[in-house]
């Protein structure tokens, strides 16, 4: 039997949400942390003792570090690592991927910095 016809979708009937891009980036950074650091921060990478697993800290617990004043101004990851000399360090990682033009992009990046 051959069926011919057109199926019209009604997207309003679906409960489609915008993908959680921030969550996807966080997952990627956590999963590939060693490679992420090697590529984006090779000078720091050399000093990290990767025999001790990194500790991805919960941002809600560190309000004194992250000051949410206006909009979403939080780091993607706060990672506690140990250096080869035994010293503990925290690394704040923020990735900003733009899919469209944002007039305030430069100002936001300055505030993140």
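The values are calculated or read from the model by the stated rules, or taken from the named source; none is laboratory data. Computed from a predicted model, the values in this text were never measured in an experiment. Using ideal geometry, Cβ is built from the backbone for each residue, glycine included, and neighbour counts are taken over all protein chains shown.
Here's the yes/no breakdown for (1) at pLDDT 75 or above; (2) not in a helix (DSSP H, G or I):
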position	(1), (2)
4	no, yes
8	no, yes
12	no, no
16	no, yes
23	yes, no
30	yes, no
35	yes, no
38	yes, no
43	yes, no
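Looking only at region 53-93, count every residue that is at pLDDT 75 or above, surrounded by 14 or more Cβ atoms within 10 Å (Cβ to Cβ) and assigned to a loop (DSSP other than H, G, I, E, B) and tell me the total.
2
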